[in-house]
Amino acid sequence: MNRNYNSINTANEATKSSKGNGMIDYKSDINQKDADWKVASVDSNSATNAITDDKPSSSESSKLLAPSTNPRTSFLLKDARASKIYHDSIAIRLKAKDSQAMASKEMHGSGGIFSDYIKSIVYGGVDGLITTFATVTSVAGGGLSPSVILILGIAHLFADGISMGSGDAMSSQAENDLISSELDREKWEMENNLQGEIDEMVELYMDKGIQREDALNIIQTMAKYPQFFLDHMMVQELGMMPPDEQQSPLKSGIATMLAFTLFGCVPLIPYLLALIPGANMSELVQLSISVIATILTLFILGSIKGVLIDKYTQSSWWKSGLMMTLNGSMAAVLGYVIGYGMQQLIGTDTTSLEMGLPPT
């Protein structure tokens, strides 16, 4: 009994050490690490029997058998042995009927409420930044004064923010409504013709290369659990994920609108500061500050996206930041060139235009 627990503790200590250091140098002291992993890989049946016989307290069992290896870290390090230790510890607790194991879930990108709306926040923030930035550069390229830039920038900021937020909410709601209607249809078909749905899924599995007998066993087992079978049919048959009840289209829309407005203010900051009495800034200085502030914000926002999302795809955060910066810069440069070209082509008297007079 003690030997089994000590073995598992050895695995946990090795994993904690690897998490603390960030990376593991498997080339150094490889023999010792191999020995540690072999000791840690205890037989599940013997461990379960030992647990059942000695009946340790639930707190002791949870502490000694709790997985300390992060499965995502194991994947990033391509460490199959660490991943096996994690999953073996779950198997041991399951066989021991540990209540903690029954509630254990492998994390695959879950980050709480914030992660539910990260798409809307990044989408709205990036669009707000680039849209307002392009407005500033295009108007500046056209030779119009900072007051015109500020008026058009603020007007576009709030109008586009509301439009973006409502568009996100309505599109998300429309998608959820479509999925819900298909879910109701599949549920009705399953309740009225379960065998037909089973046959349909068996045929789909056979198309994927699974033998009929194996497919039938798999589907018949799933069919014993109606809700699971229904969700599985939605994914495999229709390619639709059942809607997440915790995600609200309205909240997604609000997140998009707020992010659009908040980040979209950045290119206008120097023009707003120029309104302060005594703040003497030339047009070139205002435009330069706007460009620098926006580029830095684009990089920061892209880096945050890389840290929160792209880390699961092994993409570097700085690459995400550079790509975001490049995207926004291209839009701003294009806006400036078009504004300058149109001013040269039309030959508009910008002074008369700003005064509301017909162009000469």
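No value in this document is a laboratory result; all are computed from the given coordinates. Remember, predicted model here, so these are calculated numbers, not experimental data. Neighbour counts are summed over all protein chains in view; Cβ atoms, including those assigned to glycine, are modelled from backbone coordinates with ideal geometry.
Stretch GLU213-ARG185 to full length: gain in nm at 0.36 nm per residue minus the Cα-Cα span?
7.3 nm
Could you check the spin-label model distance between GLU203 and LEU272? Points 7 Å from the Cα along Cα→Cβ, value in nm.
With each label placed 7 Å out from Cα toward Cβ, I get 6.1 nm.
If R0 is 30 Å, what FRET efficiency do you get for ILE118 and ALA80 from their C-beta distance, rounded to 0.05?
E between ILE118 and ALA80, to the nearest 0.05, is 0.50.
Using label points projected 7 Å from each Cα along Cα→Cβ, tell me how many nm separate GLN246 and ASN280, to one decimal.
5.8
Assuming R0 = 35 Å, what is the FRET efficiency of GLN344 and LYS319, from their Cβ-Cβ distance, to the nearest 0.05? Present the calculation step by step, with values, prior to reporting the outcome.
Details: r = 37 Å, r/R0 = 1.06.
With a Förster radius of 35 Å, E is 0.40.
Could you go through region 261-272 in sequence order and give the Karplus-derived ³J(HN,Hα) for each residue, using 6.51 cos²θ - 1.76 cosθ + 1.60 with θ = phi - 60°, rounded to whole Hz, and x for Gly and Pro?
Each residue's phi maps through the Karplus curve to give 5, 5, 6, x, 6, 4, x, 9, 4, x, 6, 6 Hz.
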